[in-house]
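As structure tokens, the structure follows; a few thoughts come after it.
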Amino acid sequence: MSLLTGVGARPVGAPGSDKAERRDRRRWLPYLLLLPGAAWLFLFFVVPTIQLGATSLYDPSGSVTAGYAMTWEFSNYPDAIAYAWPQILRSFSYAAIATVIGIVIGYPLAYAIAQKAGRWKNLLLVCVVAPMFTSFLVRTLAWKTILSDNGWLVGFLRDIGLLGDDGRLLATPAAVILGLTYNFLPFLVLPLYASLERLDYRLIEAAGDLYASPTRTFFKVTLPLSMPGLVAGTLLFFIPAVGDYINAALLGNTNTNMVGNVVNSAFLSRQEPPQGAALSFLLMAIILAIVFAYVRRSGTDEVV
Amino acid sequence: MRNRSRPPLSPEAAALLSLSRRTLMRGALASGALAVSGGALVACGTKGAQQTEASCVSEDSSGSEKTLTVSNWPQYIDVDDKDESKRPTLVAFEQKTGIAVSYTEDINDNNEFFGKVQNQLAECQPTDRDVIVLTDWMTARMIRLGWLQKLDTAKMPNFQKNLLPSLKGRPFDKNTEYAVPWQSGLAGLAYNGNVTKEIKTVDELLTRADLKGKVTALTEMRDTMGLILQSNGHNPSDFTKAQFDDAINKLQKAVDSGQIRRFTGNDYAPDLAKGDIAACIGWSGDIIQLGIEDPKVKFVAPESGAMLYSDNSSVPNKAAHKANAEAFLDYYYDPAVAAELAAYVNYICPVVGAKEEMAKTDPELAANPLIFPDDALLAKTKVFKALTEAEEREYEAAFQRVIGA
């Protein structure tokens, strides 16, 4: 601790040079602490990002055998959009729908755990987190069993007439959105829980004392106070959901592929790395724009 | 009280919420600067990956080093019933030759493995592997790129004598000197007899009304397209662009009509077993496994012809133990050894004479046409034509378009 603060254990009246040395150390210490993280980010984020950005501007007529020439081919971007706009749109709409469903399921859940669960709180939290101990892939494959055409869920939905006699859930958009919702829900619930847990229940009582209806209390007190958690949670949910391709690959059909599937195909199957890189960059840019807009908007008093 | 105080924000939320236009600008400028300087760094693009025998010469130190490093797919070699870490045929090889084999199951996907070794092989650097096992088309790509060493088949008498005739002189390896089939398999039709009646042709699969939405095909372009080409009466080993387009249109129709539910890798197998899909294009090895659990799951080689594929062992450039590798691969072409391996892995055994060897120990398995196909079946199977890089990209692009990516 004394290292960090630079005060404390040293005797008063130490030589001046010692003091200077301490000040010196205090100045570069934060940078030293930053070093591992910065080196990591540089090696595994900055360098690959630059590489990817460069790849997106390579001459698309190159090949693995002949190599790729850097021709600053900015037309790769419009070309990539022309090729994959249905999948790009689909990625954002599926992720948005899944996020809304996630909030509908996750908010009451987080609220119940944070405010009403009492001594069950920890157990319920473990229940939210426990599925993450198994692999993402296994969890998604498990949904194939649950949604199976001959499974009880589809049988039940057919019985009550929600699905036609030969209706199914697997290989439909519904299954993909459901998979996205399930897989990313913990990322939404945990930050929400963190901010709801800190919510002072006396504020809600006070709202009641001032004759606010429960609904009004929710919208005037609870929701605004949980906004930071909701914003962080929706972002942690939405961003990976947009880029996901496992759910579409395992639970979807040819018309539910998302942009991640196209990137995968561009790099591995079609051997068109410039297009894959351009799509990756586009995705990053669109997500960044959405996040900035969202955070700025929800960060102001208009929403809160 | 207007001056509401908020609970303290978590650092993450605070960071997110405190983004102002100024920080945004600063970030944009910084990333811009980064992109420009980074762009200068990588502005030269990438070099070609083509190698030739002259440009990449490998030394063989087998004489002094009795070691061998093999990379293969998981569950592709026999293991001891009692001790899964022991591999009987491999142990016997080590005892016989004194060559210590380091056997790793680190190939899970052709494309993924290609990505793993691409940079080394493009630069003519060692991959630290002496034997790699890859599917036909990937082996073909590596041969085309000049990344594999030519084997001295004169030193491989078993291989010369016992290789299945239909696997000799395949289109991508005309002189049979780069690729040694490890195991082969068929791509054909499969159905679950609990859910549907027998299926005999590719056309049935693509059009029969009772199968609508209960059919899958493989994401492996050569298998799916090879079967459709044959159903049109064309030869997958030798076809024209127009014939390929015909086949693609046929596939597109089946996708548009909702007949085909999905395109899959190996993951069709559990769906077929459960009956979620009634029929599919699948691989013989998987279906044998399913058939052991449920005899009503059956593999069908369509009348028009099935596709024969192999996983091939090859020696990559700069691998330092080529002679050891040749001894190793030749050992597995000894019929008795091949029979032991085939009894465990259940794929098509590419070794002539293994059937007779297996008949001594397990006559039932030896009679299985999907492990030891008879001549009638082999006569109807085809190997997909060797594609140039341009063709590969063109056909794969058309196929990926149909499967939605």
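Please treat every number below as a calculation from the coordinates, not as lab data. Just so it is clear, the model here is predicted, and its values are computed rather than measured. Ideal geometry is used to build each Cβ from the backbone, glycine not excepted, and the neighbour counts take in all protein chains shown.
Would you mind classifying chain A by shape? Square roots of the alpha carbon gyration tensor eigenvalues, ordered a ≥ b ≥ c; an a/c under 1.5 is rounded, otherwise it is prolate if a/b is larger than b/c and oblate if not. Verdict is oblate for chain A. Around the Cα centre of the range B:151-203, unit charges on the Cβ atoms of Lys, Arg, Asp and Glu (plus for the first two, minus for the last two) sum to a dipole of about 120 debye.
Counting Cβ atoms of other protein chains within 10 Å of each residue's Cβ and taking the mean over peptide A:80-89 gives 1.
Projecting the Cα atoms of A:Pro78, A:Ser93, A:Pro131 onto the dipole axis of the range A:74-154, where Lys and Arg carry +1 and Asp and Glu carry -1 at the beta carbon, places A:Pro131 farthest toward the positive end.
Let me know the shape class of the range B:171-318, please: from the alpha-carbon gyration tensor, a ≥ b ≥ c as square roots of the eigenvalues, rounded when a/c is under 1.5, otherwise prolate if a/b is greater than b/c, or oblate. Verdict is oblate for the range B:171-318. The Cα atoms of chain B give a gyration tensor whose axes a ≥ b ≥ c have a/c of 1.5 or more with a/b no greater than b/c, which makes the shape oblate. Here is what passes the span test in chain A: the DSSP H helices with alpha carbon length of 15 Å or more along the helix axis and a Kyte-Doolittle mean of 1.6 or above are A:223-243. Within straight-line reach of A:Lys121, meaning a Cα separation under 24 Å, there are no lysines at least 8 residues removed in sequence or on another chain.
For the range B:231-274, the alpha-carbon radius of gyration amounts to 1.47 times the rule-of-thumb value 2.2 N^0.38 Å expected for a compact globular protein. Structural descriptor for the range A:77-298: relative contact order 30 percent, calculated from alpha carbon pairs under 8 angstrom and at least 6 residues apart. Shape index of the protein assembly as shown: Rg/Rh, with Rg the Cα radius of gyration and Rh the Kirkwood radius from the inverse mean 1/r over Cα pairs, equals 1.03.
Each peptide in B:386-392, A:36-42 gets a packing score, the mean of other Cβ atoms within 10 Å over its residues, and the list from highest to lowest is B:386-392, A:36-42.
Here the dipole of the protein assembly as shown is about 3540 debye; that uses its Cα centre as origin and unit charges on the Cβ of Lys and Arg (positive) and Asp and Glu (negative).
The packing ranking of peptides A:247-258, B:209-220, highest mean first, is A:247-258, B:209-220, where packing means the average number of other beta carbon atoms within 10 angstrom of each residue. Determine which residues of the range B:326-352 fall in the zone a paramagnetic label at B:Asp362 would reach in this model, i.e. backbone nitrogen under 19 Å from the point 7 Å along Cα→Cβ. Inside the label zone: B:332-352. Mean per-residue shielding of peptide A:55-66 is 4, counting Cβ atoms of other chains within 10 Å of each Cβ.
Listed by chain and number, the lysines whose C-alpha is less than 17 Å from the C-alpha of B:Lys96, apart from same-chain residues fewer than 8 away, are B:Lys66, B:Lys86, B:Lys155. Evaluated with a Cβ-only charge set (Lys, Arg +1; Asp, Glu -1), the range A:77-298 carries a dipole of roughly 500 debye about its Cα centre, given to the nearest 20.
Pairs from the table (B:Lys168/B:Lys380; B:Lys214/B:Lys385; B:Lys161/B:Lys355) lying more than 21 angstrom apart at Cα are B:Lys214/B:Lys385. Across the options B:Asn235, B:Gly48, A:Gly167, the greatest Cα extent toward the positive end of the charge dipole of the protein assembly as shown (unit charges at beta carbon of Lys, Arg, Asp, Glu) belongs to A:Gly167. Remark: the range A:58-134 is approximated by an ellipsoid whose semi-axes, taken from the C-alpha gyration tensor as √(5λ), come to 48, 17, 9 Å, largest first.
With each label modelled as a point 7 angstrom along the Cα→C-beta vector, the A:Leu157-B:Lys253 pair spans 3.1 nm. Counting Cβ atoms of other protein chains within 10 Å of each Cβ in A:253-259 and taking the mean gives 5. Legend note: in the protein assembly as shown, cysteines whose Cβ sits 4.7 Å or more from every other cysteine Cβ are A:Cys127, B:Cys44, B:Cys280, B:Cys349.
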